[in-house]
Each structure stands twice: as C-alpha cells, then as structure tokens.
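A.B. asks: Take a look at this one; I'll ask things after.
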Number of protein chains: 2
Amino acid sequence: MKKPVTIHDIAKLANASSATVSRVLSNSNYPVSAAMREKITRIAKEANYIPNMLGKQLKTNTSMTIGVIIPSISNPFYSSVILGVEEIAREHNYHVIVCNSLQNPDFELGYLQTMAEKQVKGIILSSIAQNTSLLKGLLQNGMHAIAIDQRIDEEEISQIEFNYAKGGYMATKHLIEHGHTRIGYATSELDRHSRTEIHQGYLKAMSEAGLKPVVEISGAGKVFSSSNEFDSGKQLADKMLERHKDLTAIFACNDVMAFGVIHTLTSRGLRVPDDLSVIGFDGIEYGQMIHPPLTTIKQPDYEMGILACKLLLDKLQDKDSSHLSVMLQPRLVERASVTTRQAGD
Amino acid sequence: MKKPVTIHDIAKLANASSATVSRVLSNSNYPVSAAMREKITRIAKEANYIPNMLGKQLKTNTSMTIGVIIPSISNPFYSSVILGVEEIAREHNYHVIVCNSLQNPDFELGYLQTMAEKQVKGIILSSIAQNTSLLKGLLQNGMHAIAIDQRIDEEEISQIEFNYAKGGYMATKHLIEHGHTRIGYATSELDRHSRTEIHQGYLKAMSEAGLKPVVEISGAGKVFSSSNEFDSGKQLADKMLERHKDLTAIFACNDVMAFGVIHTLTSRGLRVPDDLSVIGFDGIEYGQMIHPPLTTIKQPDYEMGILACKLLLDKLQDKDSSHLSVMLQPRLVERASVTTRQAGD
DNA sequence: AAAAACTCAGAAACCGATTACTAAAAGAGG
DNA sequence: CCTCTTTTAGTAATCGGTTTCTGAGTTTTT
C-alpha cells in the first residue's frame, strides 16, 4: 500500500510550490501562467492525484454536505423524499448523507451528533426524538435544519409539513360522498404527530356528517417494517369485521396497512370494493400494483424532498436565516378500491 | 453565529494543554490524573464541545466510514442490503455513506471519486460501470472494495455473488414440476450480468425438459423505477398472450414485473393461478401483499448486506488482503401464484 | 541521600490542503 | 535608464485535532 500522493508531491514533480498547485487544481481565478496551468494539470492527472478533502474542508470550513435523517430508507415514502433531495443537491454540487434512525431516538441523536462532528452545516430531518436540546444547541452554533413530515416545536427551524389532518378528512369525505356511513378507521399507534392528525381528520369528517366513528388501533411493536405494517393491517381488519359486522368501508392510515386490510377481506371471501370499500394513505407506487388498485391520499414525497433541499441550500448560501413553514396539500388518487354504496344497503 | 469551540478553547478553560484535553476526550490510555480527567470532561460538556472530525481524521488518516454504491435506494432489494450493512457497521462504530448511481455509470464513477477524496477506505458496490480503471487505481492506493450482486471482473476484488443462473433454473423447474410445458419468460433488457444469468437458467431448464423457450424482452428505457418495471411487465404479458395463446405459465425476471404480468392477466379476465401460473424473482416483501401472493425466488438481500460489511471490516481491520468470492444461493418461496396443471390441458 | 524509575503535563511538529503576504521578473511610462 | 505597475510564483501561517518528545515532580530502589 503506497503512500497517497499529496499536493506537495505534485508540486515537487512540477517544480512548483504547493500554493500554485492548489490554485490550479481548485480552479482558482488567481493568475497562473497558462504554461504552468497545463503542466500541473497534466502531472496531476498522470500521478492519479486525488485531493484529500479532509485537508481542504478543515481549512475552508465547508463540507458541501447536507445530512438527511429519516426513520427508514425501506419506506417508499422516504426513499422518494431522498431521491428529490439528491437531485437538487447534485445540481449544486452538494453531497448527501442519509441516516436511518429506525424509529430509535438514540440513533437519531447519535446521527445528529455525528453530522455536527463531520461539519455538516445543513440537515433535513424527520424527527421522532422528543429531546430537542441537542438540535437547539447545534442551531445556535451555525447549523441549519429543515424539519419534514414530522413537526418539531422549535421557533428556529423551518418546517415542511404535510396537511395530514386535511388528508384524513379528504379520505373520509371521499367515502362519505360515495354513500358510505359505517366507516372504520384502522391506525397504528397514535404516538406520532402525523398519526394523530390523520385521526383528527377522520373524526372531523365523521362528526360533520353526523356519523359514528369506529376506530381500531394497532398495539403492535415499535419496529416498523413493511411486513409488520401489513400484518397489523390484517389483524385490524379482522378485529373490525368481528366487532362491527355492518361496516361498508375501511380507511387505513397507510397504504401498506390498507394492503393488509384488503388481504383479510379477500381471504374472507369479501370482494373489494363491491362488498367493502378500502382507502389508504401515502400514495406509494405499489398501490397501483395490487388488486384492486388502491384508492389513496397521495403525499407529495418527491416534491417534499426537492423543496426541502432547495430551502436548505438557500439558507446555507444566502445566510438567510428567516424561518418559514410550508404546508403541502394532500391529493386524492382515485383508483378502484372505493365504489359507490347504494343508499339502502 | 458563534465561532465553534475548539479543543484549544477547552484547554484554556481548564488550564490545561490541548494535548491533555485530546488525551482525555478521545479516551486515550495515556496517563492523565483523575482530577484532570474529571475537570476536562466536565468543562467540555458544559461548553457543548463538539470535536471537529476533519481535524482528527486528517491527522490520524482514518475516516471510520464505509461507502455503499447501489443503483437505487428505492429498490427494496437494495434497501434491505443497506439495512444489513448498517447494522454491522453500527456494531463496529463505523459510519455508512450510501450513494445512488441511478444506473448512470458517470454518477457511479463520480461517487467513487468523491469517496476516495473523503478518505473512505472501504466500499461495497453494485457496479454497472464498464470502466474499472478508476476502481483499480483506488485499490492500488489502499482502498478496499467488495462487489455485491453484480460481478466485477477484477482479480483484486472480493465478490459476493448471487447464483442468478440457479435461481432462474429453479423457478423454471418449479413450473415444469407443476406440469407446465408452455412457459414464457418475461425479462427486461439483457444488459446486465444478473439478467443474462437468469435467462440462461431458464433456457437450461427448458432445454433439459425438451421444452421450447418463449422469451419476450422489454425494450424499455434505462430509467428503472418501480412504475416503469410494472408497466413493462404489463406490456410483456400483453405481447406474450397475443403471440403465444397456449401459454400456461409466465416467469418474470423480477417481482415488480411479475406484478405487472398479474395485473394484465387479471384485467383480461384470466385467473391466477387457475388459468395461468406466475412466478417472480427477488422476494421483496410486497410479493406477499398482492393477490394472489406471489411465488418467487428469494435473494438473501439482508444477509448479503451483513456478509458484505463483515468481510469488508475484516479487510480494513486485519489488513488481510486475500480476495475471496462467495456465492449466495437462491431459495424458492412458495406462495399462491403457481398451481399444478393437469396433463391434458 | 543519591540514583533510578515512574507519573503526569506541556511544547511543538504534523496531517494536507488554502491563502495572506512577500517578492522577483517583466512591461509601461517618463 | 530609472521608476511604477502588473504579472506570476513562493513562503509561511493556518484550520483543529493527534502524538512524539521533553521535562518537572514524585516515588522507589540501593
């Protein structure tokens, strides 16, 4: 294993000083003769010179890196967000570091600390940690952060929220407008802001229509994998059908749980949507692939990533430290899992 | 925005030298009196000291970071791989940087370069770039790499391969053993090693059984998103049904395409598996969520991540530079999309 | 009581880059 | 021919840590 070639090695080979080499190789507009430029460029290429970013970043105090902290990369919603973030970052020559908190507050805090240590100046995070003291400290030391998806109750932070309450309301309203009156809501634990908001939206729509809400909450574990969510969708549907035999529609708090609900209904010989309508929430791509294709509320995930990254880069570059709060709106995606119920049924 | 507090600031506050502070804060076993230890630790905490990793890493020439380069994070197969990698990395206090090449060789090479510049010493990559000269150069300069999923034809690199050929053979054989004789194979372009291998496995099983292969290749674009794969599955199924009306089973080269195939069959009023059997490839979680649950060939994705990371860390720590090649075996996951065909039909 | 060994702390070099400052050489103007 | 710019290159300080080396003070050995 050879010693890595440094800027000084290149300088020696080119009979120049490291200062000149630095100016050439980092495209500074400092005056360097054309001959020197060519020579250094050529020699650096021949020697397979790879600049050491640690040295550069230490001196210039810029890492050109933004961090993203999300619950899980294997959730299609978040992977879409990341795609959006990366696209914008790439356009601006920024690098992106993605960390999965796996719903574990300690991991989240650990990643936050690590990023600060790595001199990351901007972070996009979907936080589940209750303890914001570390984050607050970082913000005071010049870090910038954008909260996405999950609200963080701090003044100093820009938020890109999604109107979960309205989404929950829209989904429920959609079912009501299709003649449904006995509508169950299947949700995972109401321990996160997003969950409680959707729930509120459901309750509001039901109460406005004078209907009695039927809510079933999954007591499942914290680890959230697709399989677990699918299973809890199946179980919640089972419970609902047993306790409320007269339901004509079920609203699930996310698409994968809706898949589970449909699975249970289908295995029980019930037809979707003819016997029961089902509506989901999230708008992941797989929703179009199941049978019947899932009607759902779409969150603008990719757009959220784009927007978050743009906002963050603005902050980093313009030193504009105003904190704003954007609210993205839900969109109904009508596919085939919801149908009109006749009045008498 | 305050100036960040450095190790020298802490030294001043504690009436000590930066050397001593460094020794305390980095848990060196260099002798430092208990009183000094306590004092420095306390002051550092009070001052919210955050060490600058750039300085540390520059001096020690270690980044404690491994890189992962994959085609796309939104492919569930790769996101499982990453989960495995991260788990092992976390146990060893390593950080993981994930990069999506998005099937673009230029992006892949760019990320490789960036990682080298950031002094990442170990990389796990699923490469699609033909040009291995950059990689070879990095390997000679002390970088370590593990190729997963896609073979790289270099001596100096350890490989964790998956036996695609056997998987293709097993899938086909499974259909044959269930009495099918007219079996179509739906695949995306045969431009990657994995694709050609599965294809070969299919051909081998067919020829051994004396059956005539029926292959339909998607000419779709390079951009591979789930939606695109789903659509091309739908289209391939359409073509197949028109050109070969007597098919009784279809084998798709990945699960999402199989979803597309099933969608087409279902919309045409054909029942799966009663009229046609379908088998997929990959074993993503969503396969259990569709109707009927998809029979498929499972790749050990998570295990691949675990293994790749363990192997890489061994290399990085033991300086053991032997290059080995591991071949992971496919596993048949029987669900409900394949059924036995009666002889006469 | 002197010598040897040990404990603990600090001074300063160093990692690989950037950059403020200095200086030599070349060209312009009188 | 001599001064005044202008152009181009180099010297050395610096970023925030780590670590080698040196040395002061204390304890143990003889």
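A.B. asks: Filtering segment A:55-68 down to residues that are open to solvent by less than 10 Å² (accessible area, probe 1.4 Å) and modelled with pLDDT of 95 or more, which residue is farthest from the other protein chains (Cβ to nearest Cβ)?
C.D. replies: A:ILE66
A.B. asks: If you check A:LEU13 against the conditions, is it within 11 Å of DNA strand D (Cβ to nearest atom) and at negative phi?
C.D. replies: The answer is no for A:LEU13.
A.B. asks: Under 19 Å from A:VAL214 (Cα atoms), touching a strand residue (DSSP E or B) at 6+ places or on another chain (Cβ under 8 Å) and either surrounded by 23 or more Cβ atoms within 10 Å (Cβ to Cβ) or of a type in the set (S, T, N, Q) (or both): which single residue out of A:THR196, A:THR187, A:THR181, A:THR114 fits that description?
C.D. replies: Only one candidate passes the filter, namely A:THR187.
A.B. asks: Right, next: Please work out which residue is least open to solvent (accessible area, probe 1.4 Å), limiting yourself to segment A:39-51 and to residues that are within 15 Å of A:ALA16 (Cα to Cα) and not small (Gly, Ala, Ser).
C.D. replies: So the residue we want is A:ILE40.
A.B. asks: Considering (1) under 29 Å from A:THR264 (Cα atoms); (2) buried (at least 16 other Cβ atoms within 10 Å of the Cβ), say which one B:THR340 fails and leave the rest.
C.D. replies: Just one mismatch for B:THR340, condition (2).
A.B. asks: Tell me, which residue of segment B:228-257 that is part of a helix (DSSP H, G or I) and of a type in the set (Lys, Arg) is nearest to the other protein chains (Cβ to nearest Cβ)?
C.D. replies: Checking each candidate, the answer is B:LYS234.
A.B. asks: Sticking with this structure for a sec: Within segment B:71-106, restricting attention to residues that are aliphatic (A, V, I, L, M) and out of contact with any Ser or Thr (no Cβ under 7 Å at 6 or more places or on another chain), which residue is surrounded by the most Cβ atoms within 10 Å (Cβ to Cβ)?
C.D. replies: B:VAL81
A.B. asks: In addition: Going by what's in this entry, would A:GLY210 be described as assigned to a loop (DSSP other than H, G, I, E, B) and either touching a Phe, Trp or Tyr at 6+ places or on another chain (Cβ under 8 Å) or surrounded by fewer than 16 Cβ atoms within 10 Å (Cβ to Cβ) (or both)?
C.D. replies: It is true that A:GLY210 is assigned to a loop (DSSP other than H, G, I, E, B) and either touching a Phe, Trp or Tyr at 6+ places or on another chain (Cβ under 8 Å) or surrounded by fewer than 16 Cβ atoms within 10 Å (Cβ to Cβ) (or both).
A.B. asks: Ok, one more. So how many residues does segment B:91-115 have that are in a helix (DSSP H, G or I) and either aliphatic (A, V, I, L, M) or under 12 Å from the mean Cα position of the chain (by Cα) (or both)?
C.D. replies: 3
A.B. asks: Another one. Residues in segment A:69-80: is at least one at the interface with another protein chain (Cβ under 8 Å from one of its Cβ atoms) and under 27 Å from B:THR62 (Cβ atoms)?
C.D. replies: The answer is yes, given that some residue of segment A:69-80 is at the interface with another protein chain (Cβ under 8 Å from one of its Cβ atoms) and under 27 Å from B:THR62 (Cβ atoms).
A.B. asks: OK, next. Suppose we keep only residues that are within 10 Å of DNA strand C (Cβ to nearest atom) and among the hydroxyl-bearing types (Ser, Thr, Tyr) within segment B:7-38. Which one would you say is surrounded by the most Cβ atoms within 10 Å (Cβ to Cβ)?
C.D. replies: The residue in question is B:THR20.
A.B. asks: Another question, if that's okay. Test A:ASN48 against the stated conditions and say whether it is within 16 Å of DNA strand C (Cβ to nearest atom) and over 23 Å from the mean Cα position of the chain (by Cα).
C.D. replies: yes
A.B. asks: Quickly run through segment B:279-322 and pick out the residues that are surrounded by 24 or more Cβ atoms within 10 Å (Cβ to Cβ) and free of Cβ contacts under 8 Å to residues at least 24 places away in the same chain.
C.D. replies: B:MET289
A.B. asks: Determine whether segment A:307-319 contains at least one residue that is of a type in the set (Asp, Glu) and farther than 26 Å from B:SER225 by Cβ.
C.D. replies: The answer is yes; a qualifying residue exists.
A.B. asks: Go through (1) more than 12 Å from DNA strand C (Cβ to nearest atom); (2) open to solvent by 70 Å² or more (accessible area, probe 1.4 Å) and name the single condition A:LYS3 misses.
C.D. replies: It fails just one condition, (1).
A.B. asks: Another question about this same structure. Starting from segment A:142-167, keep only residues that are among the basic types (Lys, Arg), then list their pairs with residues that are not in a strand (DSSP E or B) whose Cβ atoms are within a distance under 8 Å, requiring at least 6 positions of separation or different chains.
C.D. replies: Note: pairs meeting the criteria are A:ARG151/A:HIS193; A:LYS166/A:GLY201; A:LYS166/A:GLN329; A:LYS166/A:PRO330.
A.B. asks: Something else about it: Which residue out of B:VAL24, B:VAL5 is touching a residue at least 12 places away in the same chain (Cβ under 8 Å), in a loop (DSSP other than H, G, I, E, B) and more than 7 Å from DNA strand D (Cβ to nearest atom)?
C.D. replies: It is B:VAL5.
A.B. asks: If you go through segment B:90-110, how many residues are facing chain A (nearest Cβ under 9 Å) and touching a residue at least 12 places away in the same chain (Cβ under 8 Å)?
C.D. replies: Adding up the residues that qualify gives 7.
A.B. asks: Also: Check B:ILE43, B:ILE82, B:ILE50, B:ILE88 and return the single one that is hydrophobic (A, V, I, L, M, F, W, C), within 16 Å of DNA strand D (Cβ to nearest atom) and in a helix (DSSP H, G or I).
C.D. replies: Among B:ILE43, B:ILE82, B:ILE50, B:ILE88, only B:ILE43 is hydrophobic (A, V, I, L, M, F, W, C), within 16 Å of DNA strand D (Cβ to nearest atom) and in a helix (DSSP H, G or I).
A.B. asks: Hey, can you tell me all the residues within segment A:58-74 that are near DNA strand D (Cβ under 9 Å from one of its atoms) and either of a type in the set (Gly, Ala, Ser) or in contact (Cβ under 8 Å) with a residue 40 or more places away in the chain (or both)?
C.D. replies: A:ASN61
The values are calculated or read from the model by the stated rules, or taken from the named source; none is laboratory data. Given the structure is predicted, the values throughout are model-derived calculations rather than measurements. All Cβ positions, glycine included, derive from the backbone under ideal geometry; neighbour counts span all protein chains shown. Note: areas computed on protein heavy atoms with side chains; ligands, DNA, RNA excluded. Shrake-Rupley method; radii C 1.70, N 1.55, O 1.52, S 1.80 Å.
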